[in-house]
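**Q** Have a look at this one before I ask anything.
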Amino acid sequence: MKKTKTEIIRSHLETIVDLMSTAVFLLLFIVGFYALFDIHFIQVSAQMDDEIARLAPDDAGIDIAALQDINPEIQAWIRINDTKIDYPIVQAKDNIKYLTRNYRGDYATAGSIFLDYRNDGFNDDFSLVYGHRMDGQQMFGGILQFEDADYFNSHKTGVLYTADATYDLEISDFAVIDVSLTTIYRHDQNRNDFNDRIISEIHSFAHQSRDIEYNENDKIIVLSTCDKDAKHYRNVLLAKMIKRD
């Protein structure tokens, strides 16, 4: 039976709709697959390779020369006890390079843990260290855990291993910093003689804090990562650096 013109048009429209539906389904499938692959790639980029992991410091200290054979910009290693924060620290001539490069200097979405370029290694009174807030508590994603009082109270210490010394870290504060209201990120080349002000500012923003005595001769370290909700805020840990004999 010969189809009417209306039936022919309807058939063509149904075919077009079917094709469009299939195309949309395939597009969604491709986007979903890419998203899963991208998440996996980012997570993998946050992991250390075996060569660097084998050089993690132990009770004997750190072999900084071996690490610097891999990348001369590796300056130290930081470990916050009983957390996933256990990484080498790099330092470049700016604060951009290691946002998207790993410890070898190769491209990596997760970046690295890096020391502010204005610091003189870890010789200053105040050292500022950055890392991305990654899922699974990787990189500095674990800093957010310290917002919980029980977690904060059960995770009090860490260790900083440098070429010249090993420092025990006593964590005193977890704070959510409003970048527009703090001078922590604004100090230029001089990273000395500002500790009282920095400690006071972090105390004022603190969500969790413990009573640790600071004096004028103490060195401090601030670990900084982006806040989960606002681009103008940072989650930070403040710790006192105590040099081992």
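Every number here is computed from the coordinates shown, using simple stated rules; none is lab data. The model shown is predicted, which means the values in this text are computed figures rather than measured ones. Methodologically, a virtual Cβ is constructed for each residue, glycine included, from the backbone with ideal geometry; neighbour enumeration extends over all protein chains shown.
**Q** What strands (runs of 3 or more DSSP E) lie completely within segment 135-233 and have 1 or more residues being without any contact (Cβ under 8 Å) to a residue 60 or more places away in the chain and in contact with a Lys or Arg (Cβ under 9 Å, 6 or more places away or on another chain)?
**A** Once the strands (runs of 3 or more DSSP E) in segment 135-233 are filtered for at least 1 residues that are without any contact (Cβ under 8 Å) to a residue 60 or more places away in the chain and in contact with a Lys or Arg (Cβ under 9 Å, 6 or more places away or on another chain), what remains is 166-178.
**Q** Next question, about the same structure. Can you find a residue that is closer than 16 Å to Asp227 by Cβ and either touching a residue at least 60 places away in the same chain (Cβ under 8 Å) or part of a helix (DSSP H, G or I) (or both) anywhere in segment 117-130? Full working, then the answer.
**A** Filtering segment 117-130 down to residues closer than 16 Å to Asp227 by Cβ leaves 130.
After this cut, where a residue has to be either touching a residue at least 60 places away in the same chain (Cβ under 8 Å) or part of a helix (DSSP H, G or I) (or both) as well, the list is 130.
So far as segment 117-130 goes, yes, one or more of its residues are closer than 16 Å to Asp227 by Cβ and either touching a residue at least 60 places away in the same chain (Cβ under 8 Å) or part of a helix (DSSP H, G or I) (or both).
Residue by residue, here is whether (1) under 16 Å from the mean Cα position of the chain (by Cα); (2) of a type in the set (A, V, I, L, M); (3) closer than 19 Å to Met241 by Cβ holds:
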{"site": "Asn71", "(1), (2), (3)": "no, no, no"}
{"site": "Ala110", "(1), (2), (3)": "yes, yes, no"}
{"site": "Phe140", "(1), (2), (3)": "yes, no, yes"}
{"site": "Leu144", "(1), (2), (3)": "yes, yes, no"}
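**Q** Restricting attention to segment 181-232, which residues are surrounded by 14 or more Cβ atoms within 10 Å (Cβ to Cβ), under 25 Å from Gly142 (Cα atoms) and among the charged types (D, E, K, R)?
**A** Glu201, Lys219, Asp227
**Q** When you scan segment 210-218, do you find a residue that is touching an Asp or Glu at 6+ places or on another chain (Cβ under 6 Å) and over 26 Å from Ile74 (Cα atoms), even just one?
**A** Just the residues of segment 210-218 that are touching an Asp or Glu at 6+ places or on another chain (Cβ under 6 Å), to begin with: 212.
Still in the list and also over 26 Å from Ile74 (Cα atoms): 212.
Checked against the condition, which is being touching an Asp or Glu at 6+ places or on another chain (Cβ under 6 Å) and over 26 Å from Ile74 (Cα atoms), segment 210-218 yields at least one hit.
**Q** Could you tell me which residue of segment 131-151 is surrounded by the fewest Cβ atoms within 10 Å (Cβ to Cβ), considering only residues that are more than 21 Å from His203 (Cβ to Cβ) and in contact with a Leu (Cβ under 9 Å, 6 or more places away or on another chain)?
**A** Only one residue fits best here, namely Gln137.
**Q** Hey, could you check segment 171-212 for residues that are touching a Ser or Thr at 6+ places or on another chain (Cβ under 6 Å) and of a type in the set (Asp, Glu) and say which is farthest from Asp125 (Cα to Cα)?
**A** Top of the filtered list is Asp173.
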